[in-house]
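Participant: Dropping the structure in here first, questions after.
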Amino acid sequence: MNDDTARPGRKLFDLDGRVALVTGGSRGLGLQIAEALGDYGATVAISARKQHELDAALAHLRGRGVRAEAFAADVGKPESVSQLVAAVLDAFGQVDVLVNNAGASWGADAADYPLEAWDKVFDLNVRGLFVLTQQVAKRSMLPRGGGRIINIASIAGLRGNAGGALRTIAYNASKGAVVNLTRALAAEWGGQGITVNAIAPGFFPSKMSQGVIDALGEDALMGNAPLRRLGGDEDLKGAALLFASDAGAHITGQVLAVDGGYTAV
């Protein structure tokens, strides 16, 4: 039989009736995750700083049948975060799934790393992530008795840079902070029905990573990875759906590397 009612297990991944907010959702990994959540029934709110990129992403999502709206915001600024949460709640009344994907990086030698660069990376990757998570929890998830929070960390938060080829000390440190922030929030909010997990992507082609990929070469980057390839357009979707849906209801405080096995060797 082809009727989905004959396969009740499929309903574990259904997101019908849920609202998902995806930061950095106008392109790259954020847009990939927004596609996945929307394809499985969620109403998706995407945010990013640049309106023209949001407009293109919104047209793309709606073109594949996703119920979606876009909200321009700079998650690195607390006042912008508050406005974003208010706008999403005004539009949809709730946030059931929060995907903290917006992030920044800056390359420089640790010995000469500019303090302003350090602050820019941490203001977005850690402080902004926490402020948004705090606002969504206080204004929607805690009063409603539950929710799903998915933080996009990185394998850079699990290890250093091999051979010093990449000089991204603030990015590595900030993503390490995201990993442990995930665990701490999971422990604190588990009793209120909120799960908090992190995905740690490996090397995926994106605007932020393309310079590194071009400089070091795909073969050099992935030569030691068991799957011998970069991440693709579908490779984060399964992990995001697991953590966002009832299929992941008993998973919290975990960090899942999606990296082709890069961190396994």
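The values are calculated or read from the model by the stated rules, or taken from the named source; none is laboratory data. Worth saying up front: this structure is predicted, and the values here are computed from it rather than measured. Using ideal geometry, Cβ is built from the backbone for each residue, glycine included, and neighbour counts are taken over all protein chains shown. Note: accessible area is taken over every heavy atom of the protein model, side chains too, but ligands, DNA and RNA are not part of it. Shrake-Rupley method; radii C 1.70, N 1.55, O 1.52, S 1.80 Å.
Participant: Give the residues of the range 63-78 that are part of a loop (DSSP other than H, G, I, E, B) and either of a type in the set (S, T, N, Q) or more than 20 Å from GLY17 (Cα to Cα) (or both), sorted by residue number.
Facilitator: ALA73, ASP74, VAL75, GLY76, LYS77
Participant: Let me ask you something else. Here are some residues: ALA57, ALA91, ALA87, ALA102. Which one is in a loop (DSSP other than H, G, I, E, B), small (Gly, Ala, Ser) and at pLDDT 95 or above?
Facilitator: ALA102
Participant: Does the range 239-257 hold any residues that are in a helix (DSSP H, G or I) and either among the hydrophobic types (A, V, I, L, M, F, W, C) or free of Cβ contacts under 8 Å to residues at least 12 places away in the same chain (or both), and which are they?
Facilitator: ALA239, ALA240, LEU241, LEU242, PHE243, ALA244, ALA247
Participant: Does at least one position in the range 123-143 carry a residue that is under 15 Å from the mean Cα position of the chain (by Cα) and not in a helix (DSSP H, G or I)?
Facilitator: no
Conditions tested, residue by residue: (1) closer than 20 Å to LYS175 by Cα; (2) not hydroxyl-bearing (Ser, Thr, Tyr).
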| position | (1), (2) |
| --- | --- |
| ILE199 | yes, yes |
| SER206 | yes, no |
| SER209 | yes, no |
| LEU216 | no, yes |
| ASP219 | no, yes |
| ALA244 | no, yes |
| VAL258 | yes, yes |
| ALA264 | yes, yes |
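Participant: I would also like to ask the following. Taking THR168, is it of a type in the set (S, T, N, Q), closer than 19 Å to PHE243 by Cα, at pLDDT 85 or above and open to solvent by less than 60 Å² (accessible area, probe 1.4 Å)?
Facilitator: So THR168 fails the test.
Participant: Could you tell me which numbered condition GLU234 fails, if it satisfies all but one of (1) assigned to a loop (DSSP other than H, G, I, E, B); (2) open to solvent by less than 50 Å² (accessible area, probe 1.4 Å)?
Facilitator: It is condition (2) that GLU234 fails.
Participant: Which of (1) in a helix (DSSP H, G or I); (2) farther than 20 Å from LYS237 by Cα is the odd one out, the single condition LEU166 does not satisfy?
Facilitator: Every condition holds for LEU166 apart from (1).
Participant: Please tell me if GLY41 is under 26 Å from THR182 (Cβ atoms) and free of Cβ contacts under 8 Å to residues at least 40 places away in the same chain.
Facilitator: For GLY41, the condition - under 26 Å from THR182 (Cβ atoms) and free of Cβ contacts under 8 Å to residues at least 40 places away in the same chain - is met.
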